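Chemist: Right, I'll just put the structure down here and ask away after.
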Amino acid sequence: MDQLLPVEIVEAGRVFPQALSACVDLDSLLRLKGVYVGREGSHAAVLMDLLKGAPKEQKRELGAAINALKQQWEEGLKARQLELEAAKKQLASLADRWDPTLPPPVPARGALHPLNRLMDRLVDVFRPLGFHVEEGPEVETEAHNFDGLNIPEDHPAKASSDTFYLAAHPELLLRTHTSPVQVRTLLRVAPELAARGGIRFLAPGRVYRKDEIDPTHSPMFHQVEGMLVGHGIGMQHLKGTLEYALRALFGPHTEIRLRPSYFPFVEPGCEVDVSCPLCGAQGCRVCKGSGWVEILGAGLIHPNVLKYAGIDPTEWSGWAFGMGVERMAMMLSQTPDLRLFFENDQRFLRAMGGLD
Amino acid sequence: MWIERKALAQEIPAAAALETRQLSELLASLGFPVDGIASREGGDVLDVDITANRGDAMSHRGMAREVAARLRQSLTPIAMPTLAEGKPVVEVRLESPACPIYSTAVLELGPGTTPADIQSFLLALEATPKRLPAVDASNELLHRHGHPTHAFDADRIRGAVSVRWAKAGETLVTLDGVERKLVEQDLVIADEAGPIALAGVMGGDGTKVTEATTRVLLESAWFDPKPVKAAARRHSLHTDASHRFGRGADPHMAVVARNLLVGRLQAWCQATLVGAWTAGTAPAGAAPVPLTGTLLARIAGEPLSLADAAEALRWLGCAADLDGGTLQITPPSWRHDLAIPEDLAEEVLRLRGYEHIPSALPSLEGPPEPLAPAYLQRQRLARRLAQLGFHQTVTYGFISPEVDAAFAAPGNGAEGRTLVNSLGQEYSVMRGSLLPSLQATANQNLRQGAREVRLFELAPVYGSGPAGPVEQFMLGVAWGGTLGGEDHLSPARAVREADLSGIARDLGWEGLPPLRALGEGLFGFEVPVESLPREGARIIPAFRPFSRFPLVERDLSLLVDLGQSHEALTVAMRAVLPKDTLQDLRCVDVFRHKSLPEGRQAWLMRMRFQADRTLVGEEVDGWVAAALAAAESLGARLRA
C-alpha cells in the first residue's frame, strides 16, 4: 500500500504514534486531529486530492488504503482523547483535594519590647496592692532630680561627668533616675494626703546617665520605682510588700534578703536580694555561686524628702524602692549584652517579647 | 577597698576565728558587701564595698569596729607613744575654718627602712611601698587607721606654714608631676613661697620626701569634707586622702595619727623628735540625737527595748543616756552620718541583723487610684500593634543634629534641645521625631536579612520651647520589605503606602495619616498619641441594635478618571443613599489596564443595604440607580 501513497503521508503515518503521545492535553490533541483528519490543510485533504487524481484502475485499491489509514488515525486519536480526558478528570479531582501537609499561612507575629513587657508585668504585680502608675518628664530640674531627694549639693552625681545637662537651659538635665517622679507626686498630693489616706504608686520610665555604651552600660536605661506613704509605715511593710511582689514575679518559693545599704533619699536603706530564680539558690553563673541575686535598692523614705514635699514626717512615713529594668531583664533572660535591647533586631524582639 | 585579714585580726582579735567566707557574710550583713577575695602576700585580702556615707569604715580599724560591734568583742587598744607637745619648730597659721586642727612634728631621720612586714602589708593592698619610712608609714597609717597624714621635706619649706585659700593665679605641681592652676576655692597648705600641698588631696612635688631627705615636717590635720571633695573633682584628683577627708574623717584622730606616725619613724629609722605641736583644736562634737521607743518600734516593725538599743549603740562608740522614755545618743567623733533619730534606728537594726525584721503587708487606707487613661492608652496601642504583627522598639532619645534636622517639624530647631555634654555628636540632640530611629532600625533589620520589617515605638519626642524642651508622647510606625511569598497562598509583593494607612485607620486615626517614604519600599508615620482615640472606660460597650433581616449587596463597576478622588465619589454617592439602610459603601477593587479608555480606571464600588424589614428589589434598584447618577455627575460611567 505504501507504494500507492506519497512519501510525506507515509512519513506522517510513521511518526503519528509519537505525535499522539506528545499530546499532553486535549488542546494539543485537537490540533493534531486537525492536521491528520481535519478537512483543510490536513493530511486527510492531501489523501482526498490523491484519490481524486488517481487513475481509475487504482482508485479502488487506493481508496481502501486511505480508509484504512484514516481509520487507524481516528482510532488512535480517539483512544488518546479518552486517555487525556481521564487524566484531566483525575487532575481535577486532585485539585479539589486539600493537602493537609502543605505549610499553612502563618499570621504575622509582633512583639512588645522586653523592657516594656517587664515594666507592664511589674505594674500588674503591684496593682492588686493598690498601686497606680505615676509618670514624669525625662527633662527635669535639678531641684526635682537632686534637691528634693536629700541629695547633697556636692554629690558626685550632679557633676557633668555623670549627668547630661541642656546647653540652652543650664538648670535642666536628663533625669538620672525615676525618683523625681516621687518628688513631683508627693508635692502634688501633699495637700490631700490625709483625705486620701496616703499614696502608693509605681514610676516606670527611661533615665539617662553619662555612661559609654558597652555590654553592661548604656547612657539611657529604664527604672521602676515604687513608693508608699501612709501611717505607721516601717521596714516590715517594705519587706512584706517586696516579698509578695518578688514571689509573684519569680515564683512562690522565692526568698528575699535585705542588706543594709545607703541611698541619700531613704533611712534606713537596704539592698534587696532574691534567691536565684534560675538555679533555685543552688549556685550558678548568674548568682556567682552564692544563691542570691541583688535585685533592687530600697528603704524608708528619708524625713527630708517628706519635708521637702510639705509632708510632716512625724505623722507620715513610707518606703520606696527602685530597680534597674535592663539588669533584671538581662538576669531573667540571660541576655549577655545590654546593647541587644536597643538594637531592636526583630529576631531578638520576637524571641523575647511575644504577647502573653 | 582592700582589707587584709591578718591586719584586721590585729585590730579585732575575735575576727581571727572566722573563716574568710564567714567574715564576708558578716560584713555583707552589716552593709559592707565583699566584691571579691584574693590571696596575696601569704594571706587573704577582701575587696569590701564601702558606701559613700561611711568614711569612718575606710580602714582596717574602721572595719574592725563594725565587726567588734556585731560580735560584741573588744578592739585591740591603740598603742602609741605619748608625746610632750612644745613650742612650734615651724610656725603654723590656720587661716580658714575649713581646717580647725593641724597636728604636726619635726623629726630628724636616721638610718633604717620600712620593715618587711609593713612592705608586705602595703603590697597586699596594692599599694607600692616606696622604702622611704616617712612615706610608707603615712600610707600604712591611712590603710590601718583611716586618717590621711603627710610628710614634707622640712628643709625645703620656706618660713611659716599656713592653711589658707589659694590666691588667684597660684599654681602647684602636685606629687603626680602635674601643674595645677589653683582657684580661690582651693584650700592649700602654703609656705612663704607659695602652695606646697592641695589640702586633704595631694602634696606638692617641690617639698616631697626623697632619699635625700633628712628632716621631715609631719602633717596630721582635719579638713572640712566639702572643699576637699570639690578640689578633688575640680582637679580630677581622686586620691586615698581625698576619699577619706571627703567622706568625713575623725577630727580626734589628728593628734593620734601624728603620734602614731612619730612612733613608727622612731622605730623604723631611729628618727629623733625635734618638736611636736598642734595648731587649733578639734571641732566640737555633734549634739545628742534623741531616739524614742515609738520611733524605733515603728521603723523596726516591732517593739524593741531601749536598753538593748543603747547597748548596741554603745558598741558602735556612741554615748547613750536614757532620759525618761528617750535615749539621748551622742555619736562618736568618727561617725558623721548619725544626725537624726532614723539614723540611730538604722544602726540598731543593722547590728541586730535585717533578717530579724518581720514581714507585713501595709493596709490599704483609701480606695486604689485607677491607672491613668494616657498610660492605659499607650499600653493598649502597644498590644494592638503587636497583635497586628508589629515589633515594639526602644531606641535612644538623643540623635545627631544632622539626622534630627532632616525629620524634625519645621520651626523646631535643635538649639533648645541640645545637650551640653553629650557622649558625642551623634548623641547630642534630644530627638524631634521618632522616624529617624525607626528608619535606622528598619534598615538594619533589612540589611540583616529580614524579608519584612514592622516596627513601632511609643516614646516622647521633644520640641524646643522657651522654657526648655517640650515633651510629647508620639506613636511612630514603620513598615517595609516584602509581604507574603512564604507560603503557597500568599503571593509576594512589596509593602505599599496603603498598607500603612490601613494600620493608621485600624488604630482609629481619622483621614489620611501623614505617611512618609523612609526608603525604597519602606514607609512610616508618626502621630501624637493624644490624637488617637482612647478606649472608653466601659469593659462592655452599650448595646447597639442590629437588624435580623437579610442584607442586600450590590456592586457598581465604574469607569472613573485617574484623577478622581475616592473620597469625593463616596461622599456624592452617600448623599443620595438612605442613611438608615446603607450599611457600607466601599471600593473593593481598583483595575488599571491599557484595555481601558486612556486616562480612566475601573473601580468596583460595593454597597450593602439592610433595614428592619425585608428589602424589595425595586427599591434597591432605585438606590443603586441614584448612586450611579451621583457618580456620573462626577464623570464616572458604568463599565460595559
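Chemist: Quick one: which residue in B:Thr149, B:Thr104, B:Thr113 is open to solvent by 10 Å² or more (accessible area, probe 1.4 Å) and touching an Asp or Glu at 6+ places or on another chain (Cβ under 7 Å)?
Modeler: Only one candidate qualifies: B:Thr149.
Chemist: Residues in the stretch A:237-253 that are open to solvent by less than 30 Å² (accessible area, probe 1.4 Å), more than 7 Å from chain B (Cβ to nearest Cβ) and either closer than 12 Å to A:Ala298 by Cβ or modelled with pLDDT of 95 or more (or both): how many?
Modeler: 4
Chemist: Any chance you could count how many residues in the stretch B:583-598 are more than 59 Å from the chain's Cα centre (by Cα) and open to solvent by less than 40 Å² (accessible area, probe 1.4 Å)?
Modeler: 1
Chemist: Please verify whether B:Arg451 is within 11 Å of another protein chain (Cβ to nearest Cβ), open to solvent by 20 Å² or more (accessible area, probe 1.4 Å), in contact (Cβ under 8 Å) with a residue 24 or more places away in the chain and not acidic (Asp, Glu), treating the condition exactly as stated.
Modeler: Spelling it out, B:Arg451 is indeed within 11 Å of another protein chain (Cβ to nearest Cβ), open to solvent by 20 Å² or more (accessible area, probe 1.4 Å), in contact (Cβ under 8 Å) with a residue 24 or more places away in the chain and not acidic (Asp, Glu).
Chemist: Just for the stretch A:264-274: of the residues that are open to solvent by 10 Å² or more (accessible area, probe 1.4 Å) and touching a residue at least 40 places away in the same chain (Cβ under 8 Å), which one is nearest to the other protein chains (Cβ to nearest Cβ)?
Modeler: Residue satisfying both the conditions and the ranking: A:Pro264.
Chemist: Still on this structure, please answer the following. Which of the helices (runs of 4 or more DSSP H) contained wholly in the stretch A:289-356 include at least 3 residues that are farther than 25 Å from A:Phe265 by Cβ?
Modeler: Numbers: elements: A:303-308, A:325-333, A:340-343, A:346-353.
Result: A:325-333, A:340-343, A:346-353.
Chemist: Would you check which residues across the stretch B:339-372 are surrounded by fewer than 20 Cβ atoms within 10 Å (Cβ to Cβ) and among the hydrophobic types (A, V, I, L, M, F, W, C) and list them?
Modeler: B:Ala339, B:Ile340, B:Ala360, B:Leu361, B:Leu364, B:Leu371, B:Ala372
Chemist: I need the full set of residues from the stretch B:288-309 which are aliphatic (A, V, I, L, M) and in contact with a strand residue (DSSP E or B) (Cβ under 8 Å, 6 or more places away or on another chain), in order please.
Modeler: Correct list: B:Val289, B:Leu291, B:Ile299, B:Leu306, B:Ala307, B:Ala309.
Chemist: Still on this structure, I have one more. What are the residues in the stretch A:176-198 that are in contact with a His (Cβ under 9 Å, 6 or more places away or on another chain), within 13 Å of chain B (Cβ to nearest Cβ) and more than 18 Å from B:Phe473 (Cβ to Cβ), if any?
Modeler: Across the stretch A:176-198, the qualifying residues are A:Gly197, A:Gly198.
Chemist: When you look at B:Thr82, is it closer than 30 Å to B:Ser162 by Cβ and open to solvent by less than 20 Å² (accessible area, probe 1.4 Å), yes or no? Steps first, please.
Modeler: On the way: closer than 30 Å to B:Ser162 by Cβ: yes; open to solvent by less than 20 Å² (accessible area, probe 1.4 Å): no.
Here the answer is no, as B:Thr82 does not meet what is asked.
Chemist: Report whether or not B:Pro513 is open to solvent by less than 20 Å² (accessible area, probe 1.4 Å), free of Cβ contacts under 8 Å to residues at least 24 places away in the same chain and on the phi < 0 side of the Ramachandran plot.
Modeler: yes
Chemist: Moving on to the next point. For the condition farther than 26 Å from B:Gly416 by Cβ, open to solvent by 20 Å² or more (accessible area, probe 1.4 Å), within 13 Å of chain B (Cβ to nearest Cβ) and not hydrophobic (A, V, I, L, M, F, W, C), what is the one hit in A:Glu153, A:Glu171, A:Glu75, A:Glu135?
Modeler: A:Glu153
Chemist: Are there any helices (runs of 4 or more DSSP H) wholly within the stretch B:298-398 with 1 or more residues that are touching a Pro at 6+ places or on another chain (Cβ under 9 Å) and within 11 Å of chain A (Cβ to nearest Cβ), and if so which?
Modeler: B:341-352, B:373-387
Chemist: Where in the stretch B:501-568 are the strands (runs of 3 or more DSSP E), entirely inside, with at least 3 residues that are over 23 Å from B:Arg586 (Cβ atoms)?
Modeler: B:516-519, B:522-528
Chemist: Going through A:Leu115, A:Leu102 one at a time, which residue ends up being facing chain B (nearest Cβ under 7 Å) and either part of a helix (DSSP H, G or I) or touching a residue at least 40 places away in the same chain (Cβ under 8 Å) (or both)?
Modeler: The conditions single out A:Leu115.
Chemist: Quick one: in the stretch A:328-356, which of the residues that are open to solvent by 30 Å² or more (accessible area, probe 1.4 Å) and closer than 20 Å to A:Asp124 by Cβ is nearest to the other protein chains (Cβ to nearest Cβ)?
Modeler: Here the residue is A:Leu355.
Chemist: Within the stretch A:215-232, how many residues turn out to be open to solvent by less than 10 Å² (accessible area, probe 1.4 Å), among the hydrophobic types (A, V, I, L, M, F, W, C) and either closer than 24 Å to A:Gln334 by Cβ or at the interface with chain B (Cβ under 7 Å from one of its Cβ atoms) (or both)?
Modeler: 3
Chemist: Next question. Anything in the stretch B:471-494 that is more than 34 Å from the chain's Cα centre (by Cα), part of a strand (DSSP E or B) and free of Cβ contacts under 8 Å to residues at least 40 places away in the same chain? List them, or say none.
Modeler: Those that are more than 34 Å from the chain's Cα centre (by Cα), part of a strand (DSSP E or B) and free of Cβ contacts under 8 Å to residues at least 40 places away in the same chain: B:Thr482, B:Leu483, B:Asp487, B:Ser490, B:Arg493, B:Ala494.
To keep it simple, each residue is scored yes or no on (1) outside any strand (DSSP E or B); (2) over 21 Å from B:Glu302 (Cα atoms); (3) assigned by TED's automatic domain parsing to the domain that holds A:Leu338; (4) without any contact (Cβ under 8 Å) to a residue 40 or more places away in the chain.
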| position | (1), (2), (3), (4) |
| --- | --- |
| A:Phe221 | no, yes, yes, no |
| A:Glu225 | no, yes, yes, no |
| A:Val229 | no, no, yes, no |
| A:Gln236 | yes, no, yes, yes |
| A:Leu242 | yes, no, yes, no |
| A:Pro252 | yes, yes, yes, yes |
| A:Arg259 | no, no, yes, yes |
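Chemist: Let me spell it out: the conditions are (1) at pLDDT 95 or above; (2) facing another protein chain (nearest Cβ under 8 Å); (3) crowded, with 20+ Cβ neighbours inside 10 Å, and B:Glu471 meets all of them except one. Which number is the exception?
Modeler: It is condition (3) that B:Glu471 fails.
Chemist: How many residues, within the stretch A:199-214, are outside any strand (DSSP E or B), out of contact with any His (no Cβ under 8 Å at 6 or more places or on another chain) and more than 8 Å from chain B (Cβ to nearest Cβ)?
Modeler: Matching residues across the stretch A:199-214 total 1.
Chemist: Scanning for something farther than 30 Å from A:Glu140 by Cα, away from chain A (no Cβ under 11 Å) and modelled with pLDDT under 95, does the stretch B:405-418 turn up at least one residue? Reasoning before the result, please.
Modeler: Residues of the stretch B:405-418 that are farther than 30 Å from A:Glu140 by Cα, as a first pass: none.
No, the stretch B:405-418 has no match at all.
Chemist: In addition: Looking only at the stretch A:97-111, decide whether some residue is under 21 Å from the mean Cα position of the chain (by Cα), among the hydrophobic types (A, V, I, L, M, F, W, C), open to solvent by less than 50 Å² (accessible area, probe 1.4 Å) and over 22 Å from A:Ile295 (Cα atoms).
Modeler: Yes, that holds for at least one residue.
Chemist: Quick one: which of B:Leu46, B:Leu71, B:Leu26, B:Leu75 is open to solvent by less than 70 Å² (accessible area, probe 1.4 Å) and within 14 Å of another protein chain (Cβ to nearest Cβ)?
Modeler: Testing whether each residue is open to solvent by less than 70 Å² (accessible area, probe 1.4 Å) and within 14 Å of another protein chain (Cβ to nearest Cβ) leaves just B:Leu26.
Chemist: Name the single residue that is least open to solvent (accessible area, probe 1.4 Å) among those in the stretch A:176-208 being among the basic types (Lys, Arg) and over 30 Å from the mean Cα position of the chain (by Cα).
Modeler: Filtering the stretch A:176-208 for residues that are among the basic types (Lys, Arg) and over 30 Å from the mean Cα position of the chain (by Cα), the one least open to solvent (accessible area, probe 1.4 Å) comes out as A:Arg200.
The values are calculated or read from the model by the stated rules, or taken from the named source; none is laboratory data. As the structure is a computational prediction, the values presented were derived from the model and not from experiment. No Cβ is skipped: glycine too gets one built from the backbone with ideal geometry, and neighbour counts run over all protein chains shown. Side chains are part of the model used for accessible areas, which takes the heavy atoms of the whole protein and leaves out ligands, DNA and RNA. Shrake-Rupley method; radii C 1.70, N 1.55, O 1.52, S 1.80 Å.
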